[in-house]
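Taking it in order: structure first as structure tokens, then the write-up.
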Amino acid sequence: MNTSFSVDVPDALVASYGKPDNGPGRAWLAALPRSVADFLDRWELRPDGPAGHGMASLVLPVIRADGTPAVLKLQPPSEENAGVAAGLRTWNGQGMVHLLDHDPESSTQLLERLDGARSLSSVADDTTALRILADLLARLVAVPAPEGLRHLADIAAAMLDQVPQAVPALRDPAERRLVRTCASAVEELIGEPGDRLLHWDLHDDNILAGQREPWLAIDPEPLAGDPGFDLLPALDNRWDEVMAGGDVSGTVLRRFDLLTEALDLDRQRATGWTLGRVLQNALWDIEDGKSALEPTQVAIADALLRR
């Protein structure tokens with residue numbers, strides 16, 4: 001076992017998984033240093049800098065036995081990441097980070113090294129950044145989803161089942177009406193949920209600079225479905241700048257039009273599935289105990305509905 005390297009568990013991961021009522025999360029945290037050492041040995045890796053992290057994973061820069069730079073990514077197995085390896089293999093590096101190795105039992109991944117210090121957020125001009133994102137997303141959703149992934153049809157049906165119990169939790173009658181409107185849009189589309197391979201969370205910070213391509217996507221949560229369901233994270237990018245610009249509705253529609261044109265989507269269907277994402281976020285917020293919708297989500301939905 002590699003005993004020459006120790007990893008300090010970041011505070012952000014402790015906050016995510018260390019709550020007293022999260023037994024599996026606490027167990028994963030406790031085992032994390034040993035897990036890192038085990039995978040360094042198993043895959044013949046050498047640490048190449050301090051570990052980084054998100055809210056859900058630890059990412060350690062490493063060097064492979066052949067001298068290739070890579071990153072070791074550890075995260076607890078979950079429904080959200082169960083299909084990641086299948087999705088990454090299907091994309092096979094086309095617009096997406098390469099998967100170099102994978103341990104299905106622990107969900108640990110060995111990934112191509114990208115420039116973690118340079119995300120698409122570093123591109124100052126919003127339109128330039130959005131075109132880069134749109135071009136990447138068009139490539140990703142052009143790929144048929146592999147068998148066995150979560151499907152939008154099932155997710156949409158589950159959302160519609162939740163709506164009657166969830167809506168009364170919202171204080172504002174206008175927000176209750178908005179959630180019902182979003183649900184109606186999903187009801188109209190649920191019979192044609194699509195079969196493309198979706199990223200589900202493509203925004204500026206999930207696009208990093210690379211060497212074999214200028215920009216590559218990371219951190220997918222693969223889903224089979226309609227590409228219209230993949231637009232919302234790009235619509236609420238850089239929201240402080242959107243607000244500061246003074247034309248929220250106009251900016252949302254400009255972004256929406258650019259995305260739908262790049263992906264060659266029917267705008268009516270894309271509107272419906274984007275409202276479906278607003279519905280999903282609303283239901284998650286209500287489940288977390290909130291009694292009001294996020295203003296960003298309301299603004300995006302209102303812009304699309306008022307067109």
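The values are calculated or read from the model by the stated rules, or taken from the named source; none is laboratory data. Note that the structure is a prediction, hence the values are computed from the model and not measured. Cβ: placed from backbone, ideal geometry, glycine included. Neighbour counts: every protein chain shown.
Counting only residues that are acidic (Asp, Glu) and under 17 Å from Pro193 (Cα atoms), how many does segment 222-255 have? Explain how you work it out, then say what you get.
Initially, segment 222-255 is screened for residues acidic (Asp, Glu), giving 226, 230, 236, 240-241, 247.
Right, trim to under 17 Å from Pro193 (Cα atoms) and you get 226, 230.
Result for segment 222-255: 2.
Would segment 267-285 turn up any residue that is under 24 Å from Leu88 (Cα atoms), over 15 Å from the mean Cα position of the chain (by Cα) and of a type in the set (A, V, I, L, M)?
Checked against the condition, which is being under 24 Å from Leu88 (Cα atoms), over 15 Å from the mean Cα position of the chain (by Cα) and of a type in the set (A, V, I, L, M), segment 267-285 yields no hits at all.
Confirm whether Asp247 is modelled with pLDDT of 95 or more and buried (at least 19 other Cβ atoms within 10 Å of the Cβ).
When the stated conditions are applied, Asp247 does not pass them.
Restricting the search to segment 76-100, which residues are hydroxyl-bearing (Ser, Thr, Tyr) and touching a residue at least 40 places away in the same chain (Cβ under 8 Å)? Full working, then the answer.
Restricting attention to segment 76-100, the residues satisfying the condition of being hydroxyl-bearing (Ser, Thr, Tyr) are 78, 90.
Within segment 76-100, Thr90 is the sole residue that qualifies.
Do we have Val123 as within 23 Å of Asn237 (Cβ to Cβ), touching a helix residue (DSSP H, G or I) at 6+ places or on another chain (Cβ under 6 Å) and outside the structural domain of Leu58 (by TED's automatic domain parsing) here?
Considered against the rule, which asks whether it is within 23 Å of Asn237 (Cβ to Cβ), touching a helix residue (DSSP H, G or I) at 6+ places or on another chain (Cβ under 6 Å) and outside the structural domain of Leu58 (by TED's automatic domain parsing), Val123 comes out as yes.
Having 1 or more residues that are assigned by TED's automatic domain parsing to the domain that holds Ile286 and at pLDDT below 95 is the bar; report the strands (runs of 3 or more DSSP E) wholly within segment 175-224 that clear it.
Passing ranges: none, list empty.
What are the residues in segment 94-142 that are within 30 Å of Arg64 (Cβ to Cβ) and hydroxyl-bearing (Ser, Thr, Tyr), if any?
Matches in segment 94-142: Ser106, Ser107, Thr108, Ser119, Ser121, Ser122.
Going by the conditions given, is Leu133 more than 16 Å from the chain's Cα centre (by Cα) and surrounded by 15 or more Cβ atoms within 10 Å (Cβ to Cβ)?
It is false that Leu133 is more than 16 Å from the chain's Cα centre (by Cα) and surrounded by 15 or more Cβ atoms within 10 Å (Cβ to Cβ).
Quick check: anything in segment 100-115 closer than 22 Å to Asn237 by Cα and surrounded by fewer than 16 Cβ atoms within 10 Å (Cβ to Cβ)?
Initial filter on segment 100-115 (closer than 22 Å to Asn237 by Cα): 114-115.
In the following step, the residues that additionally are surrounded by fewer than 16 Cβ atoms within 10 Å (Cβ to Cβ) were identified as 115.
Yes, the conditions are met somewhere in segment 100-115.
How many residues does segment 119-130 hold that are over 18 Å from the mean Cα position of the chain (by Cα), surrounded by fewer than 19 Cβ atoms within 10 Å (Cβ to Cβ) and more than 19 Å from Thr260 (Cα to Cα)?
3
So, in segment 99-147, how many residues would count as being in a strand (DSSP E or B), farther than 20 Å from His53 by Cβ and among the hydroxyl-bearing types (Ser, Thr, Tyr)?
0
Got a sec? Which of Gly67, Gly83, Gly87 is among the small types (Gly, Ala, Ser), surrounded by fewer than 17 Cβ atoms within 10 Å (Cβ to Cβ) and outside the structural domain of Glu147 (by TED's automatic domain parsing)?
Only one candidate qualifies: Gly67.
Could you tell me whether segment 266-288 includes any residue that is without any contact (Cβ under 8 Å) to a residue 12 or more places away in the chain, more than 23 Å from Val141 (Cα to Cα) and not in a helix (DSSP H, G or I)?
Yes, segment 266-288 has at least one match.
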